[in-house]
Amino acid sequence: MTDPFSLSETDAPAPQPGGIAARARAAAGGRRYLDGLNPEQRAAVEAIDGPVLVLAGAGTGKTRVLTTRIAHILAEGRARAHEILAVTFTNKAAREMRDRVALLAGPVGEGMPWLGTFHAISTKILRRHAELVGLKSSFTILDTDDQIRLLKQVLKAEDIDDKRWPARSLAYQIDAWKNRGLDPAHVPAGEAAAFANGKGGRLYALYQERLKILNAADFGDLLLETLRLFKENPDVLKQYQDRFKYMLVDEYQDTNTVQYLWLRLLAQGRHNVCCVGDDDQSIYGWRGAEVDNILRFESDFPGAKVIRLERNYRSTGHILAVAAGLIAHNQGRLGKTLFTDDEAGLMPTVTGVWDSEEEARGIGEEIEQLARKGHAYDEVAILVRASFQMREFEERFITLGLPYRVIGGPRFYERAEIRDALAYLRCVAQPADDLAFERIYNTPRRGLGESTLQQLHEYGRLQRVPLIEAARFMIETDEIKPKQRQALRDLLANFSRWASLIGEKPHGELTEMILEESGYTDMWRKDRTAEAAGRLENLKELVRAMEEFPDLAAFLEHISLVMEAETKDAGPRVSIMTLHAAKGLEFETVFLPGWEEGLFPHQRSLDESGRAGLEEERRLAYVGITRARRRAKIYFATNRRIHGLWQTTIPSRFLDELPPDHVEVVEAATGAAYGGYAQSRFANMDSFGSTYGTPGWRRAQRRTEETRAESGASSGGGFARKTSQRGPMQIEGELIAKSSASSAFAKGARVFHQKFGYGAVAAVDGNKLTVDFDKAGRKMVLESFVEAKG
DNA sequence: AACTTGTGATTTTTT
DNA sequence: ATCACAAGTT
């Protein structure tokens, strides 16, 4: 709360607390917004011409630099608000930036039409030139649900077993291609062939065709089609290059390939592009983010200035030291060293507990203790690696009566009832919206099933008309059974009646009427499950939210890209969220449970991405620690239930990587935690002191641990032996052995796999093999799962 | 068309 | 263990 960057000091017209010089500048009508910036921040703000990369470590005032830079450009008269492009990843970030610019620069800031997410800005551009990419400017934006429904249809039409080739995976694959800027024609042949026995590329192409027929774009298209628009229409590109005199990009480390290409095209105009980011906080590689974009910036944009923000205004000394010590284990980083003038403060703690239940209990107690000392609940957060960890905390907090809230979870507009309600509105307002129609045509139940829908599809395809129109025709024929025909007729009559009321009735009321008359709200009222009441609440909230828009069309336009969940706050609460959701936030006290091998770093991340995966996990740990202002409290459990089975776990390797001089190891209340394996490891942390620090020593230590455990002398006997032989040793072996040495398998080698049978190695990537299996097709497998077959 | 049983998957998440 | 989803059954 004592944020030295609090904006109030810069927006108030009152005399500044900034000393004589500052006051003199203010009196001279000077650039007060620059006051209080440190030299690096100021350099980042003032270097407005040419490409600039601002490497902004956690808590170094990144958003402040971005917003002040915009204010500076405006104040200097270098560009007007509509000539600045400012891109963020999330709506939340965009909103925050807009608000803060408004505080600095006044109402001009609010009028920035090109401040928004990549997707929102792309949509805006695309609607203006839609016909150039084969869409109408009224195109609808499909979300993931619609996308999957459509893909299922494509798979069915191609007669592909969607059990073996799920629509979900195809959606994921297509998304990945789009993230990399690949349209169907440019997907590498090998990758296109990998899905559904060679049909992947064709399915992608068919899906794109269907999208065009439906006049729809999915999220990936918004970027990819804009890119295509720019590439195929140099005049259009030129127009935007000229328009955007200055460009700013937030969270540059999260850009994927399309976004990078999109930016580069635009930046080729005036070269005034400023990217702000932190390679150490890149945690979205799994959804296409390319850390390389930030690592390559200087070569991509020749003559670029690179400015490092390393002065941290958030955390105390020990916390920063621990974060720095951990992240130093990553290779492939640009390298920054955060420092602070703040006190050393409390050391982060590491606490071992017996199991996840004790973990929840212990953390609950610590929070209660803090609360008794007067700490606010909303200054405490629990950051988990995976969402299943949340439940145990929730249960514990409910019994304790400790107020908490879970951040993340299903977003408001993704909830079934909201999507259903929206589908009704889409059917009424945009009668060509087949996907919306399919969604609600039998919701609530009105006796319409698969076979009737099939008939409508058939006619629709034949006549090239949307489903609703097909239905209008079909109800006049005998082809549909009487009962179904009547149900359809009623539904269509309702659609028409509601449609005629658009513009007549306020859209909020109209929506209520639709939900009432369609029987939709009744459906939930009759539902006696626990969630039903909440769903009705959400529908009310939806109506309330839409009333803030001038009309239905405006609401529908916004809904697909920006719709925020509500939650009016009922007092201060402890926040429970994933580490990913915590990026950009900060708390006085942060609890970091579950630091165990397999969970954190997550096994799957290691399996799928090897060393890169491990480094991303480490960055995630870094993000977690740097959320804390004054207290960071790490926990690990010796036993954890995974998929219903209790498993013995060993402490995360990240714990070993924390600088011992800055960490306090806490004995768990029960003492149980230090039985077994945990003991040997953490006892070392104290007794070995500084020797402990070298990576080589640690690796050696880990290799000998097995031996030591087997002797049973120093640590917990049989218990330790059992754990040391499992899982994590493999991880270690794999990572250390395989990252340096090359694979034992060569391209073309014949191999055998327990599940997929015989096959030939098509490619080798470290410990991962791409194998063409005789029966199962192309798969990527870990080397350790196949054996050589001559 | 609605209900029942069986199968498989189960990190992270925005737009 | 648990849940979602899909095929099989009534």
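List of remarks:
- Residue-normalised accessible area of segment A:412-561, expressed per residue, 1.4 Å probe, Å²: 51
- Reachable aspartates and glutamates, given that their alpha-carbon falls under 18 Å from the alpha-carbon of residue A:505 and they are not under 8 places away in the same chain: A:516, A:517, A:547, A:548, A:551
- The convex hull drawn around the Cα atoms of segment A:128-280, when projected onto a plane and averaged over every direction, covers 10.2 nm².
- Distant-in-sequence amide H partners of residue A:246 (H built 1.01 Å from N, under 5 Å): A:85
- Expressed as a whole percent, the accessible surface of segment A:64-176 that belongs to carbon and sulfur atoms is 50, based on a 1.4 Å probe.
- Computed from backbone phi, the HN-Hα couplings of segment A:462-479 come to 4, 8, 6, 10, x, 4, 4, 5, 4, 5, 4, 6, 5, 5, 8, 9, 9, 5 Hz, rounded to whole numbers (Karplus: 6.51 cos²θ - 1.76 cosθ + 1.60, θ = phi - 60°; Gly and Pro given as x).
- Rounded to the nearest whole Hz, the Karplus-based 3J(HN,Hα) values (6.51 cos²θ - 1.76 cosθ + 1.60, θ = phi - 60°) of segment A:368-380 follow the sequence 4, 4, 4, 4, 4, 7, x, 6, 7, 4, 7, 9, 10, with x at glycine and proline.
- Amide H contacts for residue A:54 (H built 1.01 Å from N in the peptide plane; partners 5 or more residues away or on another chain; cut-off under 5 Å): A:275, A:276, A:277, A:307.
- Most tightly packed first, judged by the mean number of other beta-carbon atoms within 10 Å of their residues, the peptides A:366-375, A:304-313 read A:304-313, A:366-375.
- Candidate aspartates and glutamates for bridging to residue A:199, where Cα separation is under 19 Å - those fewer than 8 sequence places away on the same chain excluded: A:158, A:159, A:161, A:162, A:175, A:183, A:191, A:209, A:772, A:774
- Rounded percent of accessible protein surface that carbon and sulfur make up, segment A:333-405, 1.4 Å probe: 48
- Shape box of segment A:33-177 [Cα atoms, principal axes, largest first, Å]: 65, 35, 26
- Taking amide H as placed 1.01 Å from N in the peptide plane, the amide H of residue A:355 sits under 5 Å from that of A:638, A:639, each at least 5 places away or on another chain.
- Overall, the accessible surface of segment A:193-245 at a probe of 1.4 angstrom is composed of carbon and sulfur to the extent of 53 percent.
- Debye intensity ratio in log₁₀ form over the Cα atoms of segment A:267-320, taken at each q of 0.25 Å⁻¹: -1.08
- With 5 Å bins beginning at zero, the pair-distance distribution over Cα atoms of segment A:412-561 amounts to 2, 9, 19, 22, 19, 14, 10, 5, 1, 0 %.
- Dipole in debye (nearest 20) - segment A:140-214, about Cα centre, beta carbon charges: Lys, Arg +1; Asp, Glu -1: 80
- Where N is the number of residues in segment A:115-203, Cα Rg divided by 2.2 N^0.38 Å: 1.22
- Applied to segment A:420-427, the Karplus parametrisation 6.51 cos²θ - 1.76 cosθ + 1.60 on θ = phi - 60° returns per-residue 3J(HN,Hα) values of 5, 4, 5, 5, 4, 4, 5, 4 Hz, with x for Gly and Pro.
- Using the Cβ-Cβ distance between residue A:144 and residue A:457 with R0 = 25 Å, the FRET efficiency computed as 1/(1 + (r/R0)^6) comes to roughly 0.70.
- Accessible solvent surface per residue of segment A:140-214, calculated while the other protein chains remain in place, 1.4 angstrom probe, Å²: 48
The values are calculated or read from the model by the stated rules, or taken from the named source; none is laboratory data. All of these numbers come straight from a predicted model, not from anything done at the bench. Because the Cβ atoms are built from the backbone with ideal geometry, glycine has one as well, and the counts that use them run over all protein chains shown. In case anyone asks, the SASA skips ligands and DNA or RNA and just uses the protein heavy atoms, side chains included. Shrake-Rupley method; radii C 1.70, N 1.55, O 1.52, S 1.80 Å.
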